[in-house]
1. Somewhere in region 117-125, is a residue surrounded by fewer than 16 Cβ atoms within 10 Å (Cβ to Cβ), outside any loop (DSSP other than H, G, I, E, B) and not polar (S, T, N, Q)?
2. For the structure I just gave you, tell me whether GLY33 is open to solvent by 60 Å² or more (accessible area, probe 1.4 Å) and among the small types (Gly, Ala, Ser).
3. Would you say LEU69 is touching a helix residue (DSSP H, G or I) at 6+ places or on another chain (Cβ under 9 Å) and more than 22 Å from GLU12 (Cα to Cα)?
4. Can you pull out every residue in region 36-56 that is touching a residue at least 24 places away in the same chain (Cβ under 8 Å) and out of contact with any Lys or Arg (no Cβ under 9 Å at 6 or more places or on another chain)?
5. Being open to solvent by less than 30 Å² (accessible area, probe 1.4 Å) and under 26 Å from LYS132 (Cα atoms) is the filter here, so list the residues in region 83-99 that pass it.
6. Can you report the number of residues in region 55-82 which are surrounded by fewer than 24 Cβ atoms within 10 Å (Cβ to Cβ), β-branched (Val, Ile, Thr) and outside any helix (DSSP H, G or I)?
Amino acid sequence: MELAIEEAKKAERINEVPIGAVIVYNNNVIATGYNIRETDQKTLSHAELIAIQDANEKIGSWRLEDCTLYVTLEPCPMCAGAILQSRMKRVVFGAFDPKAGCAGTLMNFLEDERFNHQVEVTSGVLEENCAKLLKDFFKDLRGKRKRQ
């Protein structure tokens, strides 16, 4: 998770929402990603999706069956769907997302037995550190808007 936090800090440095992701396969980091949605102006530029695409290229397959995704914020519906479709084995996330979390908060796409694949979920890992990144970012953003 510490590596995912470092990825989130990369996003923060370019004024993006600080969310970072890392994918591990056979105890090796094979892919990373951080939010670049504002920079790219593309809906799909979430940290998880960037990391998943990177992992697909490294493995040479759309199936990430033996991989674990570490992400600083609970996946949104779009990312949770991509995680399911990639056949990821496990997701570990830091902060819960009360507005869009789909790995347990609003719903749990990842462990829903109605789908043909389920993903093991571990939540709240380094939660305070991950949440602080986001809280500080949005506090600073609100302050900048007030000064304008």
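1. yes
2. Criteria not met by GLY33.
3. Here the answer is no, as LEU69 does not meet what is asked.
4. THR39, ALA47, GLU48, LEU49, ILE50, ALA51, ILE52, ASP54, ALA55
5. Those that are open to solvent by less than 30 Å² (accessible area, probe 1.4 Å) and under 26 Å from LYS132 (Cα atoms): ILE83, VAL91, VAL92, PHE93, GLY94, ALA95, ASP97.
6. Residues in region 55-82 being surrounded by fewer than 24 Cβ atoms within 10 Å (Cβ to Cβ), β-branched (Val, Ile, Thr) and outside any helix (DSSP H, G or I): 1 in total.
The values are calculated or read from the model by the stated rules, or taken from the named source; none is laboratory data. Because the structure is a prediction, the values reported are computed rather than measured. So basically every Cβ, Gly included, is an ideal-geometry build from the backbone, and we count neighbours across all protein chains shown. Quick note on the areas: whole protein, heavy atoms, side chains included, nothing else; ligands and nucleic acids left out. Shrake-Rupley method; radii C 1.70, N 1.55, O 1.52, S 1.80 Å.
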